[in-house]
Amino acid sequence: MVRGRTVVAMRKHPLFGLMVEFVEPTDVVRAAHEAYQAGYRKMDAYSPFPIEELSEALGRHKSGRLPFIVFGGGVTGLLAGLGLEYYASVISYPMNIGGRPLASWPAFIPPAFETTVLFAAFAAVFGMIILNGLPMPYHPVFNVPQFAQASRDRFFLCIEAKDPKFDLAATRHFLEALEPKAIYEVDE
Amino acid sequence: MTIFAVACAGMYPILHMGRPWLAYWLLPYPNTMSLFPQFRSPLLWDVFAVSTYATVSALFWFVGLIPDLATLRDRAQNPVARMIFGMLSLGWRGAASHWHRYETACLLLAGLSTPLVLSVHTVVSFDFTIGIIPGWHATIFPPYFVAGAIYAGFAMVLIISIPLRVVCRLEDFITEKHLTNMASIMLATGLIVCFGYAMEAFFAYYSGNLYERFMLVNRMFGQYGWAYWCLLLCNFLAPQVLWFKKFRTSPFWLFVVSLIVSVGMWLERFVIIVTSLANDFLPSSWGQYIPTRWDFATFLGTIGLFVSLLFLFLRFLPMISMYEMRSLLPAAKVNGGKGAHGGGHA
């Protein structure tokens, strides 16, 4: 079954992009910076540990939506906790406990605090996972066997074929000028 | 360690409810009697505090493991292991944008769990206030329980990490500097705890309350007086050797002091709970507490549960975060400062 792009030769699978491998973190940051300067946008870099400069070089400066999601989670948790306590003590089953008011809010603070933290923590974890598009057991970059090193001691930069500036020959030429350790064509 | 300890800590109240299979009655859920738990009670606050603490700790633990699970997936030789680690790592591929959000999430989680540590131990001390027994109402309890938790926690971390770094040759990862810093924290929190003991005694005396004063004298010189003096020996005198550099920097002595502190913290709970309960208001209700073999069995069983879970973790998952260690390497530094500014490469 032969299908897909025929830029240079007939490919068995469509091309996902071109990937370069580096040994030093400094090199991948430089490469990402130059690729961004050259106008490439649909690309991502892969590293075994977080590199702050790398996401900056890729043009991602903003701290993103996650802190707002976590704040929203916390507010939801606070309202849910207080709401639950109010509903249970005032509406559903009012009970006179030592002559205290039914809505004895000072006593309601500790459980509401706990639900605030609980919901905020869930928002942080699931917000991070969902915004990252995880879980994603399959991704084209895993088709390059050497990519297994990305979780150990190698650094990768992948420019996707979807990028409007992408041209197999020209992009390859551009990437070769960055002096990578290796260059791979990534199958879809 | 927290999660395993919370699992053990959960065993005690659940087993002591008498009907442990009804533990879910503690939670607010819609039931056929439309009954809700009593939200004004510290005992219910404790249910919320402990379950939140356990959940958030478990989440933080799992999130911290994701990049390392990806490493294990990529290194696995066995296809079954690769599949299991692949599932658990959620397909983590170390993309720059993912790392960025990941670090934000970790920072926020760390910030969220810190007040949880304070709240969970504060609420535990509130549990005592609900009882009418003398000796359970000192207002110093919340901060002194928090300090006690940090004190006992660091002692436990030292008890686990000192043999581990020798057996697994982790001296380069858990350095003497780490141990010395932990010893300093132990000394500081230990002194706060001892201040708590002093204040507890002072409050009992200064309250002018007959029963509180009797409790104080009874605690020191009554049938359980030995436990009180052992407690002071373990938690007050023994850690004072940490003032000396020779002891702070010696893993052997740190291990010994940590063991003594753990015994001391156990004695603290024994003193607070048993001496107050054994001799309360009416001499007719006085008695002596003698542990039964089931008490010993529960105690040994929870130690066994903790050690089994800990060893399973050490065997199957990375005991030290791999990706954090990697980012500490000198080779992990990006030269020339911010790459985006360019021109700075030597």
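The values are calculated or read from the model by the stated rules, or taken from the named source; none is laboratory data. Predicted model, so just to flag it, every value in this text is computed and none were measured. FYI the Cβ positions are ideal-geometry reconstructions off the backbone, even for glycines, and counts take in every protein chain you see. Protein only, heavy atoms only, side chains kept; ligands, DNA and RNA dropped before computing areas. Shrake-Rupley method; radii C 1.70, N 1.55, O 1.52, S 1.80 Å.
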>> What does the extension gain come out to for B:Leu314 and B:Ala297, with contour length at 0.36 nm per residue minus their alpha carbon separation?
In response: 3.6 nm
>> Quick check: the distance between the Cα centres of region B:200-214 and region A:111-188, to the nearest angstrom?
In response: 64 Å
> Helix-derived [θ] at 222 nm for chain B: sum -39500 (n - 2.57) over DSSP H runs of at least 4, divide by residue count, nearest 500?
Replying inline: -22500 deg cm²/dmol
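Dipole magnitude of chain A about its Cα centre, charges +1 at Lys/Arg Cβ and -1 at Asp/Glu Cβ only, in debye to the nearest 20?
About 540 debye.
Please sort by residue number the trypsin sites (Lys or Arg not before Pro) in region A:13-112 whose DSSP state is loop and whose Cβ has at most 11 other Cβ atoms within 10 Å. Show your work: numbers first, answer last.
On the way: sites: A:Arg30, A:Arg41, A:Lys42, A:Arg60, A:Lys62, A:Arg65; in loops: A:Arg41, A:Lys42, A:Arg60, A:Lys62, A:Arg65.
Here the sparse-neighbourhood loop sites are A:Lys62.
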> Between chains B and A, what is the buried accessible area summed over both chains (1.4 Å probe, protein heavy atoms, nearest 100 Å²)?
Replying inline: 5500 Å²
> Put A:Phe155, B:Phe281 in order of accessible area, largest first, 1.4 Å probe: what do you get?
Replying inline: B:Phe281, A:Phe155
> On a 0 to 90 degree scale, rounded to 10, what angle separates helix B:2-16 from the longest Cα axis of chain B?
Replying inline: 30 degrees
>> For chain B, set up a GNM with springs between Cα atoms under 10 Å and report which of B:Val120, B:Val146, B:Val157 has the largest fluctuation.
In response: B:Val157
> To the nearest 10 degrees, how steep is helix A:25-37 against the longest Cα principal axis of chain A, on a 0 to 90 scale?
Replying inline: 80 degrees
> Calculated FRET efficiency, A:His173 and B:Ser34, Cβ-Cβ r, R0 45 Å, to nearest 0.05?
Replying inline: 0.05
> Can you give me the relative contact order of region A:13-154 as a percent, contacts being Cα pairs under 8 Å and 6 or more apart?
Replying inline: 32 percent
> In region A:66-131, what percent of the accessible surface is made up of carbon and sulfur (1.4 Å probe, ligands and nucleic acids excluded)?
Replying inline: 79 percent
> At a Förster distance of 45 Å, what's the computed FRET efficiency of B:Leu233 paired with B:Ala110, Cβ-Cβ distance as r, to 0.05?
Replying inline: 0.80
>> To test your reading of the geometry: what angle, between 0 and 90 degrees and rounded to tens, separates the Cα axis of helix B:79-88 from the longest principal axis of chain B?
In response: 70 degrees
> What accessible area per residue, rounded to a whole number of Å², is obtained for region B:137-279 using a probe radius of 1.4 Å?
Replying inline: 49 Å²
> Which one of B:Gln240, A:Gly59, B:Thr292 has its Cα pushed farthest toward the positive end of the charge dipole of the protein assembly as shown, where Lys and Arg give +1 and Asp and Glu give -1 at the Cβ?
Replying inline: A:Gly59
> When Lys and Arg each count +1 and Asp and Glu each count -1, what net charge do the other residues less than 15 Å away from B:Ser276, Cβ to Cβ, add up to?
Replying inline: -2
> Quick one: putting +1 on the C-beta of Lys and Arg, -1 on the C-beta of Asp and Glu, what dipole do you get for region B:122-268 around its Cα centre, in Debye to the nearest 20?
Replying inline: 360 debye
> With each label point set 7 Å from Cα along the Cα-Cβ vector, what nm distance links B:Trp243 and A:Arg65?
Replying inline: 5.8 nm
> For a label point 7 angstrom out from the Cα of A:Ile130 toward its Cβ, which stretches of region A:88-120 have the backbone nitrogen within less than 19 Å?
Replying inline: A:116-120
> Of B:Val63, B:Leu191, B:Thr114, which is farthest along the charge dipole of the protein assembly as shown in the positive direction, counting Lys and Arg as +1 and Asp and Glu as -1 at C-beta?
Replying inline: B:Val63
> Once you put a point 7 Å from the Cα of A:Arg41 and another 7 Å from the Cα of B:Val166, both along the Cβ direction, what distance in nm separates them?
Replying inline: 6.1 nm
> Computed FRET efficiency, Cβ-Cβ of A:Arg100 and B:Tyr206, R0 22 Å: what is it to the nearest 0.05?
Replying inline: 0.15
